[in-house]
Amino acid sequence: MAHQARIDCYEVQSDEKVEMNTAAAAGMLVSNHSYGPKFAKDSIALGVYTSECREFDQIAYGNKYYLQFHAAGNDRDESEGIKYDILIGSANAKTSSPSGR
């Protein structure tokens, strides 16, 4: 029931992975991460599964009912020929649900 919901807010500058793991272990079911790195055409990390992604996946693996939503971004310029594999940062984690426009 929504009237019984509790919302926890954290600063982006803090160590979000520690806070996420602690909150998930305490019963948090959903988290929203509506921020991410700025898209850059020359980025070599487009669509790449990084060590950061692995850390997010490890949190999800250890907390099986916890669902993470990460910003997928949508700030590409199709006129420059970039149409696919533009997810960057934590949106590439395998156990997160990328969300975007």
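What the table below lists for this structure:
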{"quantity": "Order of LEU29, LEU67, LEU87 under a 10 Å beta carbon neighbour criterion, fewest first", "calculated": "LEU29, LEU67, LEU87"}
{"quantity": "For GLY62, net neighbour charge (Lys/Arg +1, Asp/Glu -1) across residues whose Cβ lies under 13 Å away", "calculated": "+1"}
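Every number here is computed from the coordinates shown, using simple stated rules; none is lab data. Source: prediction; values computed, not measured. For neighbour counting, all protein chains shown are included, and Cβ atoms are generated from backbone atoms with ideal geometry for every residue, glycine included.
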